[in-house]
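Take a look at the structure set out below.
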There are 2 protein chains.
Amino acid sequence: MNHLIAVDWGTSSLRVARIARDGTVLDQRASARGILTVPAGGFPEVLQETCGDWLDEPDSLCLLSGMAGSRQGWREAPYCPCPAGFSELARSLAWIEPGRIALVPGLSCEHDDVPDVLRGEEVQVFGAIALLRQRDGVFVLPGTHSKWVHVAEGRVQSFATFMSGEVYALLRQHSILARMMPADDGALDDEAFTRGVRHAQDSGSLLRSAFSARTLALFDRMAAPALPSYLSGLVIGEELRMRSDTSAEVVLIGAPALTQRYALALQALGCESRSLGPEATWRGLWALARTLE
Amino acid sequence: MNHLIAVDWGTSSLRVARIARDGTVLDQRASARGILTVPAGGFPEVLQETCGDWLDEPDSLCLLSGMAGSRQGWREAPYCPCPAGFSELARSLAWIEPGRIALVPGLSCEHDDVPDVLRGEEVQVFGAIALLRQRDGVFVLPGTHSKWVHVAEGRVQSFATFMSGEVYALLRQHSILARMMPADDGALDDEAFTRGVRHAQDSGSLLRSAFSARTLALFDRMAAPALPSYLSGLVIGEELRMRSDTSAEVVLIGAPALTQRYALALQALGCESRSLGPEATWRGLWALARTLE
């Protein structure tokens, strides 16, 4: 391999990076061509438009992670069942052009006869394991659907999905709570946010705690501009309430705006965290590419 | 009082009943003129249109419960703080025309420095206490915002609100789960519903359990027509998970379609229930009227 073209192809965005053999990220590009914007059969063309110049270079390898490997994507790359390590992931690549373009599979696991899935986060977690040289612990990837990934000896043992980002958006924009809130979220109100996080620890269910965003406003105990931060604290706090080990340090992986919010929430609960950004994706894909040589 | 005009004026509907001195419901009418459809100052006119013929009769008393007494209603009737019995409620009526037309106040209570409120349900609970001759227990009023009301010695000690109906509707119609579901809910699938109720007991949070409606479909372990019932079971099951006394019989008050669903969920968890319908409202307002004589 001369260089790697690393592709993070999500539902609503497409990011690509050109990575040198030694792991240096040489160039990055991003667009809004998430898989939902791509018609059936249109994936090769969109990839060509985005980084055709890189693909034309000799001896290049292209690895795609994320929803490109889903049923609605380029082609379905079957989930790799947990526990799964880096080598199982590498063996399960779905090749589109042998030796040149491959889809990284997602992971699946099972709790109480109910399956769970992720796609794209597996690359970030393996990237974080490599970057931090940390082979055990809890890796949290906040987002529309947050993923809590349990890693032991460098292998993903299990994980759980929380619909936190999506439920926040629904409550924020479409529920009765929206009526009392300003149009824009504004900057995070740290005090209201941590109050929400703490209230979520005692309430036992978001179905119940969410109504407090209404009553606190109704009784003039919280100002309208603070309500979105409070609600965000309730939702993230509910997710954090589910930690199995409340004292263990957590690794956060994602966009800084989100990881900072989770770090603040964890801090309010007396829990340490470390954060990583998009570099985890590039590192994960690069490490995968190296195993193929 | 010659007869009572009992008015149950909610957010989206208006129901009225003409009740004889002895408690017999002589006549009932319903319309879609909930308070959201009434312009400021328009309440007297809508009431006149709905039951002006009854109001014109001599020596009639009109009691209105529900959102008509809210800030967005006819006039705000301040919440009566818990613990509150029937006599506190009667003393706290907000008279629009002294001796002739009054608004019934809602109740407020407080848990961990967070207030909670209800409006309209207090009349149903006091009606149920009278109808069932049951002065202690848990009274559950399912709906958009379900209320769990704790009664001891005929007085409301405290209550809690769950945004179950609203969260179900948001997840059902606007979340990623909606994409996998049929357009209409169809008849309740008892098996899928109780599976959801049971899964909610172990999952610890709806943020997590809700995603199982997606993965079960993704892995072809649940057919699309069963998904709305399963999701309904997850949401109602989450509410039931919060019961403080899991063995105590529960009194359900509300529309039969909803109370039947809750009764089925409770049964699946080995808990008995009794159900009451709209008669609880009329009985509560009638009993209030009798105390004014």
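Structure values in brief
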read-out: Boolean, A:Arg195 is within 9 Å of chain B (Cβ to nearest Cβ), surrounded by 17 or more Cβ atoms within 10 Å (Cβ to Cβ), charged (D, E, K, R) and free of Cβ contacts under 8 Å to residues at least 60 places away in the same chain; value: no
read-out: Residue that is without any contact (Cβ under 8 Å) to a residue 24 or more places away in the chain, basic (Lys, Arg) and in contact with a helix residue (DSSP H, G or I) (Cβ under 6 Å, 6 or more places away or on another chain), where the choices are A:Arg33, A:Arg91; value: A:Arg33
read-out: So B:Ser247, is it away from every other protein chain (no Cβ under 14 Å), of a type in the set (Ser, Thr, Tyr) and more than 20 Å from the chain's Cα centre (by Cα); value: yes
read-out: Identity of the residue in region B:150-181, of a type in the set (Gly, Ala, Ser) and more than 8 Å from chain A (Cβ to nearest Cβ), that ends up surrounded by the fewest Cβ atoms within 10 Å (Cβ to Cβ); value: B:Ala152
read-out: Of the criteria (1) loosely packed, with under 14 Cβ neighbours inside 10 Å; (2) among the acidic types (Asp, Glu); (3) closer than 16 Å to B:Arg283 by Cβ; (4) touching a residue at least 12 places away in the same chain (Cβ under 8 Å), which one B:Glu57 fails; value: (3)
read-out: Whichever residue in region A:133-151 is over 16 Å from the mean Cα position of the chain (by Cα) and touching a residue at least 24 places away in the same chain (Cβ under 8 Å) and, among such residues, is nearest to A:Ile236 (Cα to Cα); value: A:Gly137
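Quick grid of which residues meet (1) more than 24 Å from B:Gly120 (Cα to Cα); (2) within 10 Å of chain A (Cβ to nearest Cβ); (3) at pLDDT 95 or above:
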| site | (1), (2), (3) |
| --- | --- |
| B:Ala183 | yes, no, no |
| B:His199 | yes, yes, yes |
| B:Gly204 | yes, yes, no |
| B:Pro228 | yes, no, yes |
| B:Gly237 | yes, no, yes |
| B:Leu264 | yes, no, yes |
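The values are calculated or read from the model by the stated rules, or taken from the named source; none is laboratory data. For clarity, every value in this text was computed on a predicted model and none was experimentally measured. In this analysis, Cβ positions are derived from the backbone assuming ideal geometry, glycine residues included, and neighbour counts consider all displayed protein chains.
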